[in-house]
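Coordinate-derived values only; no laboratory data. Everything numeric in this text was worked out from a predicted model, so none of it was measured. Using ideal geometry, Cβ is built from the backbone for each residue, glycine included, and neighbour counts are taken over all protein chains shown.
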Amino acid sequence: MNAMSALRQYQNVNTGAQVVEASPHRLIQMLLEGALDRLAKARGAIEREQLALKGEMLGKTIAIVMALRESLDFEQGGEIASNLDSLYDYIAQRLLDVTRNNQLAPLDEAVSLLREIKEGWDGIEH
């Protein structure tokens, strides 16, 4: 087993342990971190014209955004949940725009919106 393979295996085990032990609040933070990480990789792929990697990273990010959207509790969350639902839908649409035309502006907008959401979650005491 080479060093990179061992590192990946460790990261997978470490991430799995974090998920098992995480609070619902921390799980949302982890999803937002994962989305932002994949968008950074998608940006790099676009800049290097690696279309397959771009598509993979955008697809994974859209899946994360949809998971965040599906996790919303409209009964407890009220207007905030409704606003987040609309925002997650908008972010997914912007990412689909990136998929279609390789433009960085919608990607940057999605990153900015996700960062703002993450900052809000990071500011919540639990």
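Apply the a/c threshold of 1.5 to the C-alpha gyration tensor of the stretch 24-123 and tell me whether it is rounded, prolate or oblate. It comes out prolate by the Cα gyration axes. Straight-line cross-link reach from K41 at under 20 Å between alpha-carbon atoms covers these aspartates and glutamates, not counting any fewer than eight positions away in the same chain: E33, E49, E56, D97, D108, E109, E116.
For S82 and L51 in the same chain, what is the full-extension length gain: residue separation times 0.36 nm, less their Cα-Cα distance, in nm? Each step should come with its number before you reach the end.
Working: separation 31, 0.36 × 31 = 11.16 nm, distance 3.39 nm.
Length gained between S82 and L51: 7.8 nm.
With each label modelled as a point 7 angstrom along the Cα→C-beta vector, the M30-N102 pair spans 3.5 nm.
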